[in-house]
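Novice: Take a look at the following structure, please.
The values are calculated or read from the model by the stated rules, or taken from the named source; none is laboratory data. A quick note: this is a predicted structure, and the numbers were derived from the prediction, not measured. Positions of Cβ are generated from backbone atoms using ideal geometry, with glycine treated the same way; all protein chains shown enter the neighbour counts.
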Amino acid sequence: MINRLPILFVLALAAAGCSLEVNEPTRPGGTGIHVDVPGSAVALLGDSAVDDGLAVATRCDEGSHADCNRVGHALLEGRYGYAEDPEAAAPFLTSACDAGYAGACHTLGQMALDGEGLIRNVELAASRMDRACELGLLPACLQLARLDIDGTHSLAEGRADALVQSACHGGLVEACVQHEALAEARIGQALRASDRVSESAVDGEESDGDSASEEPEAAEPLPTADQ
């Protein structure tokens, strides 16, 4: 005898106006543009999913941003039974970042900068790194500063120095090394500028002396890079 209970259950739901549509994971379709709301973390698990992976995915689907953060990074690294899939990772990391998880924001920034799982977007990268920095992640502060230092993205004047110095004071050794390098570079720039001013003044004095002479001598040519 055919079990009619499932059919009756479906008819009852339909009469109540409910939908049985399953929310499949929303994929970017190769565009690299992430969506704001992730799909089902459980549905993305492979056949080799470990128990921890299933538990994490289930909690993520139930609304745990901490576990969606774990799912996002697991999709990037191929852990918990997930296949490596940066595009699928982006929605979960976005959800976690928006909820205040600094690591997710920093990872999204790096993805946008590298064009991994997202279309390369320097503005988005800087924005996500800035958010991670605001949330207290010192490596994100340093990386944001370096975007300005290397000319990739411009920050407000003096902000890159402030970010580096703050990260150094926070105990990030790499930021202290960067701070010293910046200081040395600026000292070098100041010395070179000073030398140029001195050379210009000397050249001006020599020019004045030559014009006052009754029989001016031809100026000796400056050495070229080959001399």
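For every residue, the table says whether it meets (1) within 15 Å of Glu116 (Cβ to Cβ); (2) crowded, with 20+ Cβ neighbours inside 10 Å; (3) in contact with a helix residue (DSSP H, G or I) (Cβ under 9 Å, 6 or more places away or on another chain).
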{"site": "Ser48", "(1), (2), (3)": "no, no, no"}
{"site": "His65", "(1), (2), (3)": "no, no, yes"}
{"site": "Arg70", "(1), (2), (3)": "no, yes, yes"}
{"site": "Leu75", "(1), (2), (3)": "yes, yes, yes"}
{"site": "Arg79", "(1), (2), (3)": "no, no, yes"}
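Novice: Shifting gears a bit: For the structure I just gave you, tell me whether Glu116 is assigned to a loop (DSSP other than H, G, I, E, B) and either within 18 Å of the chain's Cα centre (by Cα) or of a type in the set (Phe, Trp, Tyr) (or both).
Specialist: Yes: the conditions hold for Glu116.
Novice: Which of the numbered conditions does Asp36 fail, given that it passes all the others? Conditions: (1) farther than 26 Å from Glu134 by Cα; (2) surrounded by fewer than 12 Cβ atoms within 10 Å (Cβ to Cβ); (3) at pLDDT below 90.
Specialist: (1)
Novice: Within the set of pairs 6+ apart or on separate chains, which have a first residue in region 121-141 that is farther than 12 Å from Cys97 by Cα, a second that is among the polar types (S, T, N, Q) and surrounded by 17 or more Cβ atoms within 10 Å (Cβ to Cβ), and C-beta atoms under 7 Å apart?
Specialist: Partner pairs satisfying both residue conditions: Cys141/Ser166.
Novice: For region 34-83, how many residues meet the condition of being among the small types (Gly, Ala, Ser) and assigned to a loop (DSSP other than H, G, I, E, B)?
Specialist: Of the residues in that region, 12 qualify.
Novice: Answer yes or no as to whether Gly100 is buried (at least 18 other Cβ atoms within 10 Å of the Cβ) and either in contact with a His (Cβ under 9 Å, 6 or more places away or on another chain) or in the same structural domain as Glu123 (by TED's automatic domain parsing) (or both).
Specialist: Judged against the criteria, Gly100 is not a match.
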